[in-house]
Amino acid sequence: MAANEKPHKISIGFLGGQTLAARVEPAELTKLRNALGSDGWHDLTAEAGTVAVDLTKVVYVIVDHEEHRVGFGT
């Protein structure tokens, strides 16, 4: 599996400070990004299940692109 096909770890920040962490397929991340700025709800399919997100409350989306490493950093 190519690196761009692997699920991405994302964090979605909401008004009021709540955060939702999820692992999603690249296609789901693209759908979410395309939906941002819209009114209403968006169903996000994640590894743990489907999450309904109120798009009017989303203030940021962080995508973790960093490779996971074992051991100590320098």
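The values are calculated or read from the model by the stated rules, or taken from the named source; none is laboratory data. Source: prediction; values computed, not measured. Using ideal geometry, Cβ is built from the backbone for each residue, glycine included, and neighbour counts are taken over all protein chains shown.
The listed residues are Thr30, Thr50, Thr45, and the only one of them that is assigned to a strand (DSSP E or B), of a type in the set (Ser, Thr, Tyr) and either surrounded by fewer than 12 Cβ atoms within 10 Å (Cβ to Cβ) or in contact with a Pro (Cβ under 7 Å, 6 or more places away or on another chain) (or both) turns out to be Thr50.
Of all the numbered requirements in (1) modelled with pLDDT of 95 or more; (2) touching a Lys or Arg at 6+ places or on another chain (Cβ under 8 Å), Asp64 misses one, and that requirement is (1). Contact map, segment 1-19: first residue of a type in the set (Ser, Thr, Tyr), second residue at pLDDT below 95, Cβ cut-off under 8 Å, separation 6 or more or different chains; pairs are Ser11/Asp64.
How many residues, within segment 1-27, are in a strand (DSSP E or B) and of a type in the set (S, T, N, Q)?
Within segment 1-27, residues that are in a strand (DSSP E or B) and of a type in the set (S, T, N, Q) number 2.
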